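**Q** Before I ask anything, here is the structure I am working with.
The values are calculated or read from the model by the stated rules, or taken from the named source; none is laboratory data. Predicted model only: the values in this text are computed from it and were never measured. Positions of Cβ are generated from backbone atoms using ideal geometry, with glycine treated the same way; all protein chains shown enter the neighbour counts.
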Amino acid sequence: MDPVYRPAVRVICFDADGRILLMHWEDPSNGSRLWEPPGGGIEPGETPLETARRELSEETGLDPAAIGPDFVDVHRDTWWKGRRFAGDEQFFTARYGTSRPQVVREGLLAYEQSELLEHAWVLPADLNSLPDRLEPPNLAEICAAFTS
């Protein structure tokens with residue numbers, strides 16, 4: 001089976017206490033659940049940074065100006081929901097001066113609203129104790145790249 005490839009970005013949002021923001025989704029087709037940072041596919045004509053800022057605003061309502069230009073480039077090759085996903089994905093970072101900034105969803109589509117269970121601010125050390133699957137690659141490794 002040919003891999004699905006769509007250039008994408010993710011945003012690792014740090015609050016003032018070092019927690020990161022994760023989104024918790026439920027797949028309505030099989031009930032599986034997934035934790036991931038905000039983000040999505042790069043649209044035609046967008047730079048990765050523009051995508052990161054747009055997605056963060058749409059999915060969380062947080063200030064996209066907090067996203068810095070630096071990113072970690074990660075190669076992905078994984079199976080998820082019966083499909084193979086391969087390619088490079090850029091992880092950007094956003095830093096906020098307050099503890100657990102309030103999340104206000106702004107632009108999620110109706111089906112996305114129904115699939116999103118919750119947002120959570122989580123310390124990187126607690127990532128592997130979350131009850132459902134983390135999006136690969138291991139988010140703890142990505143967070144370490146931004147905190148070291």
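**Q** Residue pairs, Cβ under 9 Å, 6 or more apart or interchain, first in segment 96-118 and within 13 Å of Glu58 (Cα to Cα), second of a type in the set (Gly, Ala, Ser) and in a helix (DSSP H, G or I). List them.
**A** Sorted first by the residue in segment 96-118, then by its partner, the pairs are Glu106/Ser57; Gly107/Ser57.
**Q** Scan segment 9-64 residue by residue and report those that are β-branched (Val, Ile, Thr) and either surrounded by fewer than 19 Cβ atoms within 10 Å (Cβ to Cβ) or more than 11 Å from the chain's Cα centre (by Cα) (or both).
**A** Keep residues of segment 9-64 that are β-branched (Val, Ile, Thr), which gives 9, 11-12, 20, 42, 47, 51, 60.
Ile42, Thr47, Thr51 - these are the residues of segment 9-64 that are β-branched (Val, Ile, Thr) and either surrounded by fewer than 19 Cβ atoms within 10 Å (Cβ to Cβ) or more than 11 Å from the chain's Cα centre (by Cα) (or both).
**Q** Sticking with this structure for a sec: For the list (1) surrounded by 11 or more Cβ atoms within 10 Å (Cβ to Cβ); (2) farther than 20 Å from Arg33 by Cα, I need the number of the one condition that Asp73 fails.
**A** (1)
**Q** Return the residues of segment 29-46 that are at pLDDT 90 or above and under 25 Å from Thr147 (Cβ atoms); say none if nothing qualifies.
**A** Across segment 29-46, the qualifying residues are Trp35, Glu36, Pro37, Pro38, Gly39.
**Q** Just for segment 107-148: of the residues that are among the small types (Gly, Ala, Ser) and not in a helix (DSSP H, G or I), which one is surrounded by the most Cβ atoms within 10 Å (Cβ to Cβ)?
**A** So the residue we want is Ala120.
**Q** I'd like the full set of residues that are aromatic (Phe, Trp, Tyr) and either over 28 Å from Asp73 (Cβ atoms) or modelled with pLDDT under 90 (or both), limited to segment 84-117. Lay out the reasoning, then the answer.
**A** Start the filter on segment 84-117 by keeping residues that are aromatic (Phe, Trp, Tyr), which leaves 85, 91-92, 96, 111.
Within segment 84-117, Phe85, Tyr111 meet the criteria.
**Q** For segment 79-86, does any single residue satisfy the condition of being closer than 25 Å to Thr147 by Cα and either touching a residue at least 12 places away in the same chain (Cβ under 8 Å) or outside any helix (DSSP H, G or I) (or both)? Break it down stepwise before answering.
**A** As a first pass, look at segment 79-86 and keep what is closer than 25 Å to Thr147 by Cα: none.
Checked segment 79-86: no residue is closer than 25 Å to Thr147 by Cα and either touching a residue at least 12 places away in the same chain (Cβ under 8 Å) or outside any helix (DSSP H, G or I) (or both).
**Q** Inspect segment 58-79 for any residue being of a type outside the set (Asp, Glu), within 18 Å of Glu115 (Cα to Cα) and touching a Pro at 6+ places or on another chain (Cβ under 6 Å) and give the result as yes or no.
**A** Looking only at segment 58-79, we keep the residues that are of a type outside the set (Asp, Glu), and these are 60-62, 64-69, 71-72, 74-76, 78-79.
Filter once more, keeping what is within 18 Å of Glu115 (Cα to Cα): 60-61.
Keeping just the survivors that are touching a Pro at 6+ places or on another chain (Cβ under 6 Å) gives 60.
Among the residues of segment 58-79, at least one is of a type outside the set (Asp, Glu), within 18 Å of Glu115 (Cα to Cα) and touching a Pro at 6+ places or on another chain (Cβ under 6 Å), which makes the answer yes.
**Q** Now for a separate question. How do the pairs read when you match residues in segment 49-66 that are on the phi > 0 side of the Ramachandran plot with residues anywhere that are assigned to a loop (DSSP other than H, G, I, E, B) and buried (at least 16 other Cβ atoms within 10 Å of the Cβ), using Cβ under 8 Å and keeping only pairs 6 or more apart or on different chains?
**A** Gly61/Val103
**Q** To continue, here is another question. Has segment 47-67 got any residue that is part of a strand (DSSP E or B) and modelled with pLDDT under 95? Write out each step before concluding.
**A** Residues of segment 47-67 part of a strand (DSSP E or B): 67.
Applying the additional criterion that residues be modelled with pLDDT under 95 yields none.
No, because not a single residue in segment 47-67 is part of a strand (DSSP E or B) and modelled with pLDDT under 95.
**Q** Could I ask something else about it? Looking for whichever is out of contact with any Cys (no Cβ under 8 Å at 6 or more places or on another chain), closer than 14 Å to Pro7 by Cα and charged (D, E, K, R) here; the options are Glu106, Glu89, Glu58, Glu36. Which one fits? Show your work before the answer.
**A** Working: Glu106 fails: closer than 14 Å to Pro7 by Cα; Glu58 fails: closer than 14 Å to Pro7 by Cα; Glu36 fails: closer than 14 Å to Pro7 by Cα.
Sole residue among the options that is out of contact with any Cys (no Cβ under 8 Å at 6 or more places or on another chain), closer than 14 Å to Pro7 by Cα and charged (D, E, K, R): Glu89.
**Q** With respect to Trp25, determine if the residue is more than 20 Å from Val122 (Cα to Cα) and not hydroxyl-bearing (Ser, Thr, Tyr). Before the answer, list the steps.
**A** Numbers: more than 20 Å from Val122 (Cα to Cα): no; not hydroxyl-bearing (Ser, Thr, Tyr): yes.
Judged against the criteria, Trp25 is not a match.
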